[in-house]
Every structure is written in C-alpha cells, then in structure tokens.
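The values are calculated or read from the model by the stated rules, or taken from the named source; none is laboratory data. Being a predicted model, the structure only gives us computed values, none of them experimental. When we count neighbours, we look across all protein chains shown, and the Cβ atoms used for this are built from the backbone with ideal geometry, even at glycine. The accessibility values were calculated without ligands, DNA or RNA, using every heavy atom of the protein model including side chains. Shrake-Rupley method; radii C 1.70, N 1.55, O 1.52, S 1.80 Å.
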Amino acid sequence: MANIDTDNTENSEMQAKLLSQALPYMQRYENRTIVVKYGGHAMGDVELGRAFARDIALLKQSGVNPIVVHGGGPQIGAMLSKMGIESKFEGGLRVTDEKTVEIVEMVLAGSINKEIVAMINAEGEWAIGLCGKDGNMVFAEKVKKTIIDPDSNIERVLDLGFVGEIVEVDRTLLDLLAKSEMIPVIAPVAPGRDGHTYNINADVFAGAIAGSLSATRLLFLTDVPGVLDKAGNLIKQLSVSEAHTLIADGTISGGMIPKVETCIQAIESGVEGVVILNGKTAHAVLLEIFTKHGAGTLIVP
C-alpha cells in the first residue's frame, strides 16, 4: 500500500478551497479596469514590494486590466536632501520650485517608476513606465489654494510653485495599452499648457485616471487598515452620504479626510467603488479583489 503524504494532501485541499472561493470574484472582474495607487511604507519594503508586484501580475493573468499609479514623497525628500536642496512646506504641502520639480520628475518618472516596472516584469508580465506627459495623457495647471493665516486671520493665497491640479485626461494611450496586454505604471507628473512640468498629488492623479476610465475599482494602498469608527474598528463599507456624515461628526479626521474626499471625487467622476486598505499587509490587493470580505473600507455611491 502506497504511503500517503498527509501534509501535501492537506495543502492541495487548502489550495483547491481557496481557488474555488476566488473563482467567482475572478469572473466578476474579468476584462474590468482596476486602478491601484501604490505608496506608503509598502514601497520601502522589498518583500512587500515583491508581493505587490505578484498581485498585479496575477490580476493581469486573471483577465483583469490593472493600472498602477505610484507616489514617492519620502524618496523625493531623500533625494532633495542628498542634492542639498531644502524642502519647504506651506499649509502641509511641499513648495515645488524649478529646481525641485526637476528632482521630482527624475525620482518619480525615473528611479521609482522603473523599479516598479522591473518588479512586475520579474513576475512574468509586461509592464511599461509612463507619466502624465506620455501620449498627452494628462494636462495640469498650477494649483490654486488659499489658507487662513493663523496670526492675522486673513485669507491668503499659497504659492506652491509647480504643484498642479489636473484639468484634462486623455485615455487614448491607456486604451491602446489595455488591448496590447501591457500594464501601465504611471508617475504623477504632468505638463501644463504653459510649457511647465507639474507635480500632482498621487491620490488625486489616481482618482482622475480611474474616473476617466470608469474603473470598476480604485484601490488606495495606505499605512492604515481603512476608515475606522470612533471605537477604532474597521468600517467595511460606506456610502458617499455616510462618509460625509462621518467627516462632519469628526469620526473621519486628520489625514484621512483628504483621502476620503478624493475617494468621493473619484466616485462622482465615474468609478464604481473605491477602497482604502493597508499596503503593509502582504497581498492586500488580492485579498481585497478575490475574497468575500475584502481587506479594507469600500466606499460606494
């Protein structure tokens, strides 16, 4: 009588169970577009980076059309320091002068972008690095932001230099890449009609891309599990109106407010659902897309 490898049998049964649970979700997202904003601590961890790249490759292999938009604030700060350029902030936002925007473009559209592309390619897929300049994908203009001066209580306009807001998105290039089986990896840098280069907030950039494509899902990989209630418990799902209520009563506060507001803007521009989830969890993207309970907070219309 042949010996039975109990461990291998149990492992195979577990894999079959997981696959059977994931299959309906694979079918649901087949040929659908999912935009993933990649940033936070996950970008600085080699193993988490590989897990992320594997997730994106598996999405493509499952018939999904994934698009990656990435940030890089800490890496920009480190390079500016290395180059002897002082980082200045106004109203919590980095002032981006002409020298700084050159470094921003070099880091975002250069080293970080190509590193992510290489990780996905190493998983057997074809990724291509882009920024908003490629194919006139995105046009921006200088951001206009006002704050109340705490000393004088007078409203004043912030001059953030070459920090931009998106005014136009052309999806032509992204549609062509989807048909060619390529995975776009996009840096949030864009030209203006005035000939200048602008640095765009990566969350806002991802939301604009997802909205232009009427994406099924937009995933924000962050450093927190998602939106928490006042007791610190994860809220699994929110409507837009419920999100507004939680902002008004102070449940959603601090840095989570602009994140949730960006989610709401993305939904209003045509995205079916936006998820805030923890990028420090290995395979967070697959857990969100291919499991029943997901991995973060889903915000829907």
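A few comments on the model shown:
- Gyration tensor verdict on region 100-153 (Cα atoms; rounded if a/c is under 1.5, prolate if a/b is larger than b/c, oblate otherwise): prolate
- For region 254-297, applying the loop criterion from DSSP together with a ceiling of 12 other beta carbons within 10 Å to the trypsin sites (Lys or Arg not before Pro) yields 292.
- Protein heavy-atom surface of the chain, 1.4 angstrom probe: 52% of the accessible area is carbon and sulfur, with nucleic acids and ligands not counted.
- C-alpha center-to-center spacing [region 53-115, region 179-241] in angstrom: 14 Å
- In loop segments of region 107-191 as defined by DSSP, the trypsin sites (Lys or Arg not before Pro) with at most 10 further C-beta atoms inside 10 Å of their C-beta are 144.
- Within straight-line cross-link reach of residue 259, aspartates and glutamates at Cα separation under 16 Å, skipping those fewer than 8 residues along the same chain: 165, 203, 223, 229, 242, 268
- Taking label positions 7 Å along the Cα-Cβ direction at both residue 180 and residue 82, the computed distance is 3.0 nm, reported to one decimal.
- Backbone N under 14 Å from the residue 61 label point (7 Å along Cα→Cβ), restricted to region 271-301: 286
- Averaging the sequence gap over all C-alpha pairs within less than 8 Å and six or more residues apart, then dividing by the number of residues, gives region 99-209 a relative contact order of 33 percent.
- Size check on the chain: the Cα extents along the three principal axes, sorted descending, read 86, 42, 36 Å.
- Using alpha-carbon coordinates, inclination of helix 6-29 to the longest axis of the chain, degrees: 50 degrees
- 234, 48, reordered so the largest accessible area comes first (probe 1.4 Å): 234, 48
- FRET efficiency for the residue 122 to residue 280 pair, using the beta carbon distance and R₀ = 22 Å, is estimated at 0.55.
- The magnitude of the dipole of region 149-263, with charges of +1 and -1 set on the Cβ of Lys/Arg and Asp/Glu and taken from the Cα centre, is near 480 debye.
- In region 43-193, Rg over Rh equals 1.04, where Rg is the alpha-carbon radius of gyration and Rh the Kirkwood radius from pairwise Cα distances.
- Per residue, the accessible area of the chain comes to 50 Å² when a 1.4 Å probe rolls over the protein heavy atoms.
- Given their separation in residues at 0.36 nm each and the Cα-Cα distance between them, residue 193 and residue 90 gain 34.6 nm when the chain is fully extended.
- Computed helical MRE - 222 nm, the chain, DSSP H runs ≥ 4 contributing -39500 (n - 2.57), nearest 500: -12000 deg cm²/dmol
- Global form of region 134-289, assessed from the alpha-carbon gyration tensor, a/c cut-off 1.5: oblate
- Label-point separation, residue 157 to residue 237 (7 Å along Cα→Cβ), nm: 4.5 nm
- Partner lysines for residue 88 [C-alpha distance under 20 Å; skip if fewer than 8 residues away on the same chain]: 99, 142, 144, 145
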